[in-house]
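What follows is one structure encoded as structure tokens, with my remarks underneath.
The values are calculated or read from the model by the stated rules, or taken from the named source; none is laboratory data. As the structure is a computational prediction, the values presented were derived from the model and not from experiment. Ideal geometry is used to build each Cβ from the backbone, glycine not excepted, and the neighbour counts take in all protein chains shown. Note: accessible area is taken over every heavy atom of the protein model, side chains too, but ligands, DNA and RNA are not part of it. Shrake-Rupley method; radii C 1.70, N 1.55, O 1.52, S 1.80 Å.
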Amino acid sequence: MSPRRVFEKELEDLRLEMIKMGNQVETLVANTIEAVTEQNKELAKQVIKSDDLIDEMEVEIEKKCVSLITHQQPIARDLRLIMSMLKSVTDMERIGDHCEDICTYSLTLEDGVWTKEIAYKRHIEKMATHVREMLSRTLDNFMQKDLDKLKEICQYDDKIDEEFTKIFKEITIEMSKNSDFVPSGAAYIMIVKYLERIADHITNIAEWLIYNLTGEL
């Protein structure tokens with residue numbers, strides 16, 4: 001097998017590892033949302049334990065990226081792809097960390113059954129759903145390579161920021177009216193803050209995919 005064919009096979013293996021990690025992160029985000037909105041403490045504990053797997057996957061992909069760069073000396077187009085994957089897995093690992101953070105805070109919540117009748121809970125669930133959809137669309141475009149959709153994802157981050165601001169105000173108002181709610185309110189604020197950070201990392205991934213397609217940072 002020619003050196004180029006060997007390189008192409010290793011690059012394809014790297015793509016598959018990237019997709020596998022993306023699927024794992026997507027599952028982690030979905031489980032995190034369910035753990036919060038269903039107040040499922042056992043699922044929250046599972047998510048916390050699962051983060052180690054994401055860390056291990058990041059390390060393995062980073063090793064393969066470095067190996068390809070040092071041993072195969074890829075041309076500019078291939079190098080962009082490798083660099084975009086190298087940067088993206090770092091953001092995916094951070095998403096895993098934030099899922100762990102969210103679930104850790106969810107274990108401290110003691111404010112009764114989850115209900116959409118309460119505004120901040122309804123809006124947290126809506127924000128979490130938007131973040132999950134944002135991640136799914138980004139990972140889909142790793143293969144589809146749709147530049148316009150990737151740019152739309154980056155712009156959508158502003159909507160997530162607006163939702164965070166709205167929920168933050170709702171929670172702080174409730175905390176000012178009910179001192180017993182303060183501990184849970186503080187936990188909810190951290191949960192939505194980490195959701196907002198997950199959206200930031202998803203935006204980073206979309207931007208790295210744009211870089212791979214255009215060569216523009």
Please specify each residue of the stretch 118-141 satisfying the condition of being of a type in the set (Val, Ile, Thr) and open to solvent by 10 Å² or more (accessible area, probe 1.4 Å).
Ile118, Thr129
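Name every residue in the stretch 61-113 that is of a type in the set (A, V, I, L, M), over 30 Å from Glu34 (Cβ atoms) and either open to solvent by 10 Å² or more (accessible area, probe 1.4 Å) or out of contact with any helix residue (DSSP H, G or I) (no Cβ under 9 Å at 6 or more places or on another chain) (or both), in order of residue number.
Step one: of the stretch 61-113, the residues of a type in the set (A, V, I, L, M) are 61, 66, 68-69, 75-76, 79, 81-83, 85-86, 89, 92, 95, 102, 107, 109, 113.
Still in the list and also over 30 Å from Glu34 (Cβ atoms): 66, 68-69, 75-76, 79, 81-83, 86.
Listed by number, the residues that qualify are Val66, Ile69, Ile75, Ala76, Leu79, Leu81, Met83, Leu86.
May I ask you to verify whether Lys49 is part of a helix (DSSP H, G or I) and among the basic types (Lys, Arg)?
Working: part of a helix (DSSP H, G or I): yes; among the basic types (Lys, Arg): yes.
Yes: the conditions hold for Lys49.
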Suppose we keep only residues that are more than 24 Å from Arg122 (Cβ to Cβ) and among the hydroxyl-bearing types (Ser, Thr, Tyr) within the stretch 2-60. Which one would you say is surrounded by the fewest Cβ atoms within 10 Å (Cβ to Cβ)?
Ser2
If the requirement is being crowded, with 21+ Cβ neighbours inside 10 Å, assigned to a helix (DSSP H, G or I) and of a type in the set (Val, Ile, Thr), which of these qualifies: Ile210, Ile167, Ile173?
Ile167
The one condition Pro74 fails out of (1) assigned to a helix (DSSP H, G or I); (2) within 18 Å of Leu213 (Cα to Cα) is (1)
